[in-house]
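Student: I'd like to ask you about the structure that follows.
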Amino acid sequence: MSAEELRTAAVLVPLYRDGDGELRLVLVVRADDGGLHGGQLGLPGGKPETGDVGLLATALREAHEEVGLDPGSVEVLATLEPLETETTGWRVHPFLGLVPSDTAWRTEEHEIVGVLTPAVRTLGDPELRRQLPFTSRRFPEPLLVEGIDIDGHVLWGMTLRLLDELVPRLLAGEWDV
């Protein structure tokens with residue numbers, strides 16, 4: 001697939017420090033609706049809409065729609081390098097944002113069925129990485145993927161690729177969070 005044929009999306013990578021000072025990342029559990037990303041762990045985000053003024057606006061709007069995050073409460077720390085998915089045809093533009101630790105997550109039940117907040121140091125633990133079976137309505141036969149089990153859900157694919165690049169930078173203290 002050529003670069004011109006890729007569809008554009010934007011995601012927010014929300015972070016916060018919990019009451020113990022632990023740095024946590026916010027992941028969403030997508031509804032298993034038979035769609036392309038159904039049943040997968042991901043980041044709040046989606047396709048640009050007409051009213052969006054840039055891709056950051058897309059990421060913030062989607063985070064508000066999907067998990068109730070107030071766009072005004074997000075401190076944008078960085079624009080990260082886009083990732084491309086050859087098999088599904090997307091170029092995804094991620095934005096790193098610090099969010100309040102007391103955010104009350106309100107999921108858009110038709111799209112998001114849960115919010116998980118794993119510790120960043122856990123995501124960076126190589127011992128947790130393994131071949132895991134992923135199933136969903138789209139993949140009723142188990143698909144063996146490299147991933148991390150997070151509370152019974154498999155983190156894999158583009159989100160895992162993004163975190164592979166981001167987590168070491170977070171653990172090294174690249175941003176003041």
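The values are calculated or read from the model by the stated rules, or taken from the named source; none is laboratory data. Note that the structure is predicted; figures quoted are calculated from it, not measured. No Cβ is skipped: glycine too gets one built from the backbone with ideal geometry, and neighbour counts run over all protein chains shown.
Student: If I filter segment 54-65 for residues that are closer than 18 Å to ALA104 by Cα, at pLDDT 95 or above and of a type in the set (Ser, Thr, Tyr), do I get at least one hit?
Tutor: Checking segment 54-65: not a single residue is closer than 18 Å to ALA104 by Cα, at pLDDT 95 or above and of a type in the set (Ser, Thr, Tyr).
Student: Which condition number does LEU60 fail, the rest of (1) assigned to a strand (DSSP E or B); (2) within 14 Å of the chain's Cα centre (by Cα) being met?
Tutor: Against the list (1) assigned to a strand (DSSP E or B); (2) within 14 Å of the chain's Cα centre (by Cα), LEU60 comes up short only on (1).
Student: If you check every pair at least six apart or on different chains, which have Cβ atoms under 8 Å apart with a residue in segment 152-167 that is β-branched (Val, Ile, Thr) first and a residue that is assigned to a helix (DSSP H, G or I) and modelled with pLDDT of 95 or more second?
Tutor: Hits for this filter: VAL167/VAL120; VAL167/LEU123.
Student: Look at LEU132 and say whether it is in a strand (DSSP E or B), of a type outside the set (Val, Ile, Thr) and over 17 Å from the mean Cα position of the chain (by Cα).
Tutor: yes
Student: Select, from LEU163, LEU123, LEU116, LEU170, the only residue that is closer than 16 Å to LEU23 by Cβ and surrounded by fewer than 18 Cβ atoms within 10 Å (Cβ to Cβ).
Tutor: LEU116
Student: Can I ask one more? Within the group ARG30, ARG61, ARG91, ARG24, which residue is more than 21 Å from ILE112 (Cβ to Cβ) and among the basic types (Lys, Arg)?
Tutor: Every option except ARG91 fails the conditions.
Student: Also: Name, by its number, the condition in (1) closer than 24 Å to ALA57 by Cβ; (2) part of a helix (DSSP H, G or I); (3) of a type outside the set (Phe, Trp, Tyr) that does not hold for THR122.
Tutor: Condition (1) is where THR122 drops out.
Student: Next question, about the same structure. Among VAL13, VAL28, VAL53, which is surrounded by fewer than 15 Cβ atoms within 10 Å (Cβ to Cβ) and of a type in the set (A, V, I, L, M)?
Tutor: VAL53
Student: Restricting to segment 66-105, name every residue that is crowded, with 18+ Cβ neighbours inside 10 Å and assigned to a helix (DSSP H, G or I).
Tutor: GLU66, VAL67
Student: Looking at VAL115, VAL145, which is the one that is assigned to a strand (DSSP E or B), touching a strand residue (DSSP E or B) at 6+ places or on another chain (Cβ under 8 Å) and farther than 18 Å from ALA59 by Cβ?
Tutor: Checking each option against the conditions leaves just VAL145.
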